[in-house]
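Written below as structure tokens is the structure these notes are about.
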Number of protein chains: 2
Amino acid sequence: MNELIEKAKKLKSASDFLKKTKAKEKNEAIRQIAIALEKNMDYILSENKKDVDIARKNGVKEALVDRLALNEKRIKGMIDSCNTVINLKDPVGEIFDSFLREDGIRISKMRVPLGVIGIIYESRPNVTVDATILALKSGNTVLLRGGSDAINSNKALVKVIKEGLKNSGIPENSVELIENTDRALVNEMLKLNEYLDLVIPRGGKGLINFVVKNSTVPVLETGVGICHIFVDESADVMKSIDIIDNAKTQRPGTCNTVETVLIHKDIASKILPDLKKRLEEKNVEIRGCEEVLKHIDVKPATEEDWATEYLDLILSIKVVNDLDEAISHIKTYSTGHSESILTEDYLNAMKFVEEIDSAAVYINASTRFTDGGEFGMGAEMGISTQKMHARGPVGLKELTTYKFVIQGNYDVRG
Amino acid sequence: MNELIEKAKKLKSASDFLKKTKAKEKNEAIRQIAIALEKNMDYILSENKKDVDIARKNGVKEALVDRLALNEKRIKGMIDSCNTVINLKDPVGEIFDSFLREDGIRISKMRVPLGVIGIIYESRPNVTVDATILALKSGNTVLLRGGSDAINSNKALVKVIKEGLKNSGIPENSVELIENTDRALVNEMLKLNEYLDLVIPRGGKGLINFVVKNSTVPVLETGVGICHIFVDESADVMKSIDIIDNAKTQRPGTCNTVETVLIHKDIASKILPDLKKRLEEKNVEIRGCEEVLKHIDVKPATEEDWATEYLDLILSIKVVNDLDEAISHIKTYSTGHSESILTEDYLNAMKFVEEIDSAAVYINASTRFTDGGEFGMGAEMGISTQKMHARGPVGLKELTTYKFVIQGNYDVRG
């Protein structure tokens, strides 16, 4: 029996326990994880240094090394996450949609954990802790498969997490890391329908597509965001510039960052010069369609720009004839993440909301709000861009399912 | 471009229309389908006769021919389904989980259609109509792939459905049937992530497993049910026999029929003789474990019996030492459909509900209630035995998703 099956079996068995575990014990386990992280900071940092040294030796770009590197502040960030998750309400056990039939049978839905969740992720070692505590709090056990470049960090973190669990009432086997980072094992993991209830890929487009294409286990797609803002003719120019600035520059590497701004032709001459000025102050490179180039001197956009998630200080801008053209552009290039209309026209706002089918559809706000914290969920496992099961931020509730509970009095169907 | 891609493209384009269509127009379309079914009854029956004749010529068993055969009554049943679905509440557009942030931004979820739904099904031609009207009412377009044995019936039904749609405001291309029943096309269909939002297999275990294993499109598994009833020591003997009788014999070919009864050892001698008598009156074959054989003279059960969905007048019975053994047996052999405990002991009832993780968990009622109609959904596309997205009966609401709608006042994230 290989490592994968062995660990999957342990997780499934621990899952029977976790399903019944009450919030008090789950919170205590997360508290013990926080304590263990604090106590083992030096150990974690020294193991992380091995990964960082290897990455540098292999000539990995500094931006990527930065995603990999831990320091005291980042470990304190993990501990903060533990405290945040402890304070979230446990969704398990909630009774909803309950009704009493005319014959006296009560039918209710009861929220229950999914079971065993697999997470496949890249570089950032903080996902190891974040994913684990969200899974545990929602009553699930978790199979982690991190990137090979972070293997020493992830091994250290899981060792420390298990040390924390040892001091709690929750089985150590509630979290397992696949230590063999051979790609073939990922493929095997994606076929473990007998043990895994869900697989969540967290990373770039390549990883997500690979998982969608190869998994027979149900998948929750997270992440890729080609987000749009449409500036309608009726929008306030300066307020629109504030929003575009915020949506592009507040944290350009995130999936809810705007990548393309669509501007109504009748407001183009009013907004473009000031928008260019503001974005250049923030070091944003603008790529414009032919019509944009008539108003401001920027780099021309190519067809490829409309289909690119820059995750960087680059913004493509296109002038459109009307709302219909904006909607049609979004339908063609959107990844279904977040789109916003800036407008003071009621009918246009309503039409945009009706016709745009993305996880988050905004009227007069920055796309940067698409986030579990901002949406009142406290924390998130990622942003789902698929339609099944959960859409938008995936919080604790989205990591659960329900079962029907039927309470009768020796009833038979007539 | 082959038939499949061509039809998928048409459906995706019609889906943009259906998403915006209001209940009034959708109901009118379904009414027109009902009218067309009534008007074309002779045509449908004569096309169906071709399938029936071919099946008989090929020596297909009469039970299966019966699943395939239509008659006036069965077409009237389809028309009744149309009227039922017209009277159901349209789930699309519902606003829920709405809240106002402290800064005045309103965040809400809005229920929206999934888009394009693929249905892969076997023999029974009524699924062609049922699946279509449920999909349309929930704002989805539908790609149908029926069995080759029903191809003439399905072609006729879809022709008639399209005739109905022609008299309504909904595009004819909202429903398409794959006419080429080559198996290879199913495989191709399961990879159409660009066009299909969901695939639902309706049929036997073989079909469902094939779809789960081969689909990159998200799947909603429906169907297989190895359902259990556990008779606790404290249960009323005669009422328990009534429930077992109902759960086994009311409609033995359905997925919510009980297949295995587990009996607490301390009630075995009291219930088994009368249970045998009742079931034999109903022509049910009993297969018992060794312990059962000590009480009544029936056929011995083999290991295979515990893992079999009979869908027939056969029942396996096992005596267990206690509730824990019953739960453990169910965990091993259940398909996660429906399980019931018959008991008057409060703690045992609570424990059963907590530990059994099936779509429907019963206290003191027949498993036969697991049904969209009985659960207040009016109609259903099948019973989901998976945990993602929807569990239990799949009604109109379960054929939708949601999007977040965020209403701001030119807000930026701080």
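The values are calculated or read from the model by the stated rules, or taken from the named source; none is laboratory data. Keep in mind that what you see is a predicted model, and the values were worked out from it rather than measured. Cβ coordinates were reconstructed from backbone atoms using ideal geometry, including for glycine residues, and neighbour counts include every protein chain displayed. For accessibility, only protein heavy atoms count, side chains too; no ligands or nucleic acids. Shrake-Rupley method; radii C 1.70, N 1.55, O 1.52, S 1.80 Å.
Structure notes:
- Cα centroid of the range A:281-343 to Cα centroid of the range B:350-396, whole Å: 47
- Reported to the nearest whole Å, the Cα centre-to-centre distance from the range A:154-182 to the range A:11-36 is 12.
- Across the alpha-carbon set of the range B:373-414, the Rg to Rh ratio works out to 1.30, Rh being the Kirkwood radius.
- Radius of gyration and maximum dimension Dmax of the protein assembly as shown, Cα, Å: 28.6, 93
- Helix-only mean residue ellipticity at 222 nm for chain B, each DSSP H run of n ≥ 4 adding -39500 (n - 2.57), per residue, nearest 500: -13500 deg cm²/dmol
- Computed from Cα positions, the angle between helix B:126-137 and the longest principal axis of chain B comes to roughly 60 degrees.
- For B:Leu64, the distances from its label point to the matching points in the remaining copies are 5.5 nm, ordered from shortest, with each point set 7 Å beyond Cα toward Cβ.
- Using only the C-alpha atoms, the convex hull of the range A:132-258 corresponds to 161 Å³ per residue.
- Comparing A:Met238, A:Met381, A:Met78 in a Gaussian network model of chain A, where Cα atoms under 10 Å apart are tied by springs, the biggest mean-square fluctuation is seen for A:Met238.
- For chain A, the longest principal axis of the alpha carbon atoms and the long axis of helix A:72-86 meet at an angle near 70°.
- In order along the range B:167-175, phi translates into HN-Hα couplings of 8, 10, x, 9, x, 3, 7, 6, 9 Hz, rounded to whole numbers, per the Karplus curve 6.51 cos²θ - 1.76 cosθ + 1.60 with θ = phi - 60° and x for Gly and Pro.
- Measuring r between the beta carbons of A:Lys57 and B:Glu281 and using R0 = 60 Å, the FRET efficiency lands at 0.15.
- Using Cβ point charges alone (K and R +1, D and E -1), the dipole size of the range A:227-369 about the Cα centre works out to roughly 460 debye.
- Calculated from backbone phi, Karplus (6.51, -1.76, 1.60) coupling profile of the range A:308-317 in Hz, x at Gly/Pro: 10, 8, 5, 6, 7, 6, 9, 9, 9, 10
- Scaled radius of gyration (Cα, divided by 2.2 N^0.38 Å) that the range B:227-369 gives: 0.91
- Here the Karplus relation 6.51 cos²θ - 1.76 cosθ + 1.60, evaluated at θ = phi - 60°, turns the backbone of the range A:383-394 into coupling constants of 10, 7, 10, 9, 9, 6, 6, 9, 10, x, x, 9 Hz, with x for every Gly and Pro.
- Nm distances between copies for A:Gly204, ranked from closest, using label points 7 Å along Cα→Cβ: 4.7
- At an R0 of 22 angstrom, the distance between the Cβ atoms of B:Leu347 and B:Met238 translates into a FRET efficiency of 0.40.
- Normalised by residue number, the volume inside the convex hull of the Cα atoms of the range A:1-160 is 133 Å³ per residue.
- Label separation (B:Asn71 vs A:Lys24): 6.3 nm, computed from points 7 Å beyond Cα along the C-beta direction.
- Mean-position separation - Cα centroids, the range A:110-140 and the range A:214-230, in angstrom: 17
- Considering only chain B, the C-beta nearest to the rotation axis that sends B to A is found at B:His389, 2, the distance in whole Å.
- Candidates B:Val320, B:Ile286, B:Ile330 compared by Cα position along the dipole of the range B:227-369: farthest toward the positive end lies B:Ile286, with charges placed on Cβ.
- A Gaussian network model of chain B, with springs between Cα atoms under 10 Å, assigns the largest mean-square fluctuation among B:Asn364, B:Asn140, B:Asn283 to B:Asn283.
- A crude spin-label estimate for the pair B:Leu185 and A:Leu64, with each label 7 Å from Cα along the Cβ direction, gives 4.5 nm.
- Listed cross-link partners B:Lys57/B:Lys155; A:Lys248/A:Lys270; A:Lys26/A:Lys159; A:Lys89/A:Lys331; A:Lys19/A:Lys159; A:Lys61/A:Lys248 are compared with a 26 Å cut-off, the Cα-Cα value being larger for A:Lys89/A:Lys331.
- Largest accessible area first, the listed residues A:Tyr121, A:Tyr43, B:Tyr195 line up as A:Tyr43, B:Tyr195, A:Tyr121 when surface is computed with a 1.4 Å probe on the assembled protein chains.
- Helix A:23-39 axis, angle to chain A major axis (alpha carbon atoms, nearest 10°): 80
- Entry note, chain B: relative contact order of 18 percent, from Cα contacts under 8 Å with a spacing of 6+ residues.
- Accessible surface buried upon B-A contact (total; probe 1.4 Å; Å², nearest 100): 6400
- Rounded accessible area per residue of the range B:227-369, 1.4 Å, Å²: 38
- Potential lengthening between B:Lys50 and B:Ile5 on full extension [0.36 nm per residue; Cα-Cα distance subtracted]: 13.4 nm
- As a fraction of the 1.4 Å probe accessible area of the protein assembly as shown, surface on carbon and sulfur atoms comes out at 48 percent.
- Projecting 7 Å from Cα along the Cα-to-Cβ direction, the label point of A:Lys191 sits 1.7 nm from its equivalents in the other copies, listed shortest first.
- Summing Cβ point charges (Lys, Arg +1; Asp, Glu -1) relative to the Cα centre of the protein assembly as shown gives a dipole of roughly 320 debye.
- Accessible surface of B:Ile35, taken over heavy atoms with a 1.4 Å probe and every protein chain present, rounds to 90 Å².
- Residue with peak Gaussian network fluctuation, chain A [Cα springs, cutoff 10 Å], from A:Arg101, A:Arg183, A:Arg111: A:Arg101
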